[in-house]
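J.: Can you keep this structure in mind? I'll have questions shortly.
The values are calculated or read from the model by the stated rules, or taken from the named source; none is laboratory data. For clarity, every value in this text was computed on a predicted model and none was experimentally measured. Note that each Cβ is placed from the backbone with ideal geometry, even for glycine, and that neighbours are counted across all protein chains shown. For accessibility, only protein heavy atoms count, side chains too; no ligands or nucleic acids. Shrake-Rupley method; radii C 1.70, N 1.55, O 1.52, S 1.80 Å.
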Amino acid sequence: MSAASALSRAVQRIRAAHATLRSSESAPAFTGGVVAAGLGLGGFAMLVLFLWVVSPFPDSGLNGALHVAADCWLLAHGGDLVRTETLSGVAAPIGVTPLLPMAFPVWLLYRAGADAVAPASDGKVARSAVAWLIGGYLAVGAGVVVYTSYGPVRSDALAAALHLPVVAALAAGAGAWAERGRPRIPPPAWLSRVTATVTVPLREPVAVLRSAAAGVCVLLAGGAALMAVTLALHPGAAGASFTRLSEALSGRLAVLAVAVALIPNAAVWGAAYAMGPGFALGTQAVVRPAGVVGEPVLPDFPLLAALPQAGPGTSLTWVALVVPVLAGVAVGVLAVDRREPCGLGRTAAHAALGGLACGIAMALLTGFAAGPLGTGALEEFGPSWWLVGGVAAGWTATVGTPTALLVRWVRVRRASAGTEREESEAPKTVTPEAEAARAETPKAETPKTEGPEAGGRAAADAAPSEA
């Protein structure tokens, strides 16, 4: 193929893409992606500009404040940041994603995906609209990466290229799928051939996802409760850390905003602690229920001020193992259908797969909630995603499978007892045919036995005739 023909084909493809963009289905979807990205950037910019306005020493200027807002927007998508101005002169990465701010762009993408496919006539048009929506969102994201590629805190282009498309595709695709009535997504051909011989697991994904969601919710709630109890037992340490970080009102508001944004991260860390793997506080220390090993490297921050010191665990710390047990029980209970329980094999498979899905979800959350906060000792900060995912799947599947079988046995026994009670209490109705058949049936004559009175009466009746 010559260079002229290749260039001609490239020009034709560009023209076809431009014509498609101008069509009624693609242009609003592309614009919706741009608007969703703009709204997300605007939300972060409003918060940062408010803190910049109330700050008594706004040294960075307006451009610096907007730069911080763009950095926060990228960080909320999982993209890493890099601090270039450090005491050692070595660039330090920031890889911990605040999970609470992440919910804002994810919600915007979800709504944009639903709006993009609302006027679509069929599935092909809907998929095209979602693709153009993601394209518009990523176009704005590429501009933000270029804008934040310089300065004291700059973006990591490779991390942004890996995380932005995934977050945009998952969030927008979920919104479009829900808007289209949650249609069944056909698996690939190779997966269909593999699962054609399996009659248990993948035929009923609703029970699996329901049980997995229950396990994740119990783990996160337990982790948040552990963190709340720790802060409540050490209120002075958290308050002292809060006042030490800044004396100005704007600085304390910024610290408070960061602490609130990291509350879901603290819940994930607490869940990792309750399950046993714990989390790392630097490269030389790990915090587990069994105790704190090594010397923790703790940045001065309110959520970290109340963590336990180095030493073995106590009976109070081992109580945290109740959290994964409760999560396994929740997985087992919700793996059983209330209306019509499945067989033993399918029930056990639902619970086991629910535990596996719970482990995958916890691994994803941990991957966002942890990461490096610098170089050297702060290169590892937080729980390990693969370790937390594996332990979560093991806990919930091990506890959830026998729980599901027990719940199924109880519900089947109750259902059978209720059916027998209804049958015994039901009134017995006699049909007209049965009544007519009963009337036509001759009654059997029973022989009459003559007693002494009958014999005397018969002799008295016969006496006049003899006379």
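J.: Among the listed residues Val145, Val90, Val140, identify the single one that is within 30 Å of Gly382 (Cα to Cα), among the hydrophobic types (A, V, I, L, M, F, W, C), open to solvent by 20 Å² or more (accessible area, probe 1.4 Å) and touching a helix residue (DSSP H, G or I) at 6+ places or on another chain (Cβ under 7 Å).
T.: Matching residue, one of Val145, Val90, Val140: Val145.
J.: Taking the options Ala351, Ala327, Ala415, name whichever one is surrounded by fewer than 20 Cβ atoms within 10 Å (Cβ to Cβ), of a type in the set (Gly, Ala, Ser) and either out of contact with any Ser or Thr (no Cβ under 7 Å at 6 or more places or on another chain) or farther than 24 Å from Thr97 by Cα (or both).
T.: Among Ala351, Ala327, Ala415, only Ala415 is surrounded by fewer than 20 Cβ atoms within 10 Å (Cβ to Cβ), of a type in the set (Gly, Ala, Ser) and either out of contact with any Ser or Thr (no Cβ under 7 Å at 6 or more places or on another chain) or farther than 24 Å from Thr97 by Cα (or both).
J.: Among the numbered criteria (1) closer than 13 Å to Gly79 by Cα; (2) in contact with a His (Cβ under 8 Å, 6 or more places away or on another chain); (3) open to solvent by less than 40 Å² (accessible area, probe 1.4 Å), which single criterion is violated by Gly151?
T.: (1)
J.: Say we look at the range 290-306 and pick out the residues that are hydrophobic (A, V, I, L, M, F, W, C) and over 29 Å from the mean Cα position of the chain (by Cα); which of these is surrounded by the most Cβ atoms within 10 Å (Cβ to Cβ)?
T.: Val292
J.: Scan the range 113-126 residue by residue and report those that are of a type in the set (A, V, I, L, M, F, W, C) and surrounded by 14 or more Cβ atoms within 10 Å (Cβ to Cβ).
T.: Those that are of a type in the set (A, V, I, L, M, F, W, C) and surrounded by 14 or more Cβ atoms within 10 Å (Cβ to Cβ): Ala114, Ala116, Val117, Ala120, Val125, Ala126.
J.: Going by what's in this entry, would Ala129 be described as free of Cβ contacts under 8 Å to residues at least 24 places away in the same chain and open to solvent by less than 70 Å² (accessible area, probe 1.4 Å)?
T.: Spelling it out, it is not the case that Ala129 is free of Cβ contacts under 8 Å to residues at least 24 places away in the same chain and open to solvent by less than 70 Å² (accessible area, probe 1.4 Å).
J.: Go through the range 69-119 and give me each residue that's more than 26 Å from the chain's Cα centre (by Cα) and farther than 23 Å from Thr375 by Cβ.
T.: Ala69, Ala70, Pro119 - these are the residues of the range 69-119 that are more than 26 Å from the chain's Cα centre (by Cα) and farther than 23 Å from Thr375 by Cβ.
J.: Sticking with this one: Take Val258 and tell me if it is surrounded by fewer than 17 Cβ atoms within 10 Å (Cβ to Cβ), more than 20 Å from Val388 (Cβ to Cβ) and modelled with pLDDT of 85 or more.
T.: Yes, satisfied.
J.: Here's a follow-up. I'd like the full set of residues that are among the β-branched types (Val, Ile, Thr) and crowded, with 20+ Cβ neighbours inside 10 Å, limited to the range 354-368.
T.: Hit for the range 354-368 is Thr366, nothing else.
J.: For the range 236-255: of the residues being open to solvent by 30 Å² or more (accessible area, probe 1.4 Å) and without any contact (Cβ under 8 Å) to a residue 12 or more places away in the chain, which is farthest from Pro308 (Cα to Cα)?
T.: Glu247
J.: Among (1) crowded, with 19+ Cβ neighbours inside 10 Å; (2) over 22 Å from Phe381 (Cα atoms), where does Pro56 come up short?
T.: Here Pro56 clears every test but (1).
J.: Within the range 307-320, track down each residue that is in contact (Cβ under 8 Å) with a residue 24 or more places away in the chain and either basic (Lys, Arg) or loosely packed, with under 15 Cβ neighbours inside 10 Å (or both).
T.: Ala310, Trp318
J.: Taking interchain pairs and intrachain pairs at least six residues apart, which have beta carbon atoms under 6 angstrom, with the first residue in the range 204-218 and within 13 Å of Val325 (Cα to Cα) and open to solvent by 20 Å² or more (accessible area, probe 1.4 Å) and the second modelled with pLDDT of 95 or more and β-branched (Val, Ile, Thr)?
T.: Filtered contacts from the range 204-218: no entries.
J.: Whether any residue in the range 74-87 is free of Cβ contacts under 8 Å to residues at least 12 places away in the same chain and over 18 Å from Gly143 (Cβ atoms) is what I want to check.
T.: yes
J.: Being part of a helix (DSSP H, G or I) and within 20 Å of His67 (Cβ to Cβ) narrows it down to one of Ala171, Ala159, so name that one.
T.: Just a single option satisfies the conditions, and that option is Ala159.
Residues are listed down the side, and each one gets a yes or a no for (1) modelled with pLDDT under 90; (2) within 24 Å of Leu253 (Cα to Cα); (3) outside any helix (DSSP H, G or I):
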residue	(1), (2), (3)
Gly32	no, no, no
Gly42	no, yes, no
Leu47	no, yes, no
Phe57	yes, yes, yes
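J.: Any residue at all in the range 182-190 that's out of contact with any helix residue (DSSP H, G or I) (no Cβ under 6 Å at 6 or more places or on another chain), more than 30 Å from Gly32 (Cα to Cα) and modelled with pLDDT under 85?
T.: Yes, the conditions are met somewhere in the range 182-190.
J.: Can I ask one more? Would you confirm, using the coordinates I've provided, whether Tyr110 is surrounded by fewer than 19 Cβ atoms within 10 Å (Cβ to Cβ) and modelled with pLDDT of 90 or more?
T.: In short, no.
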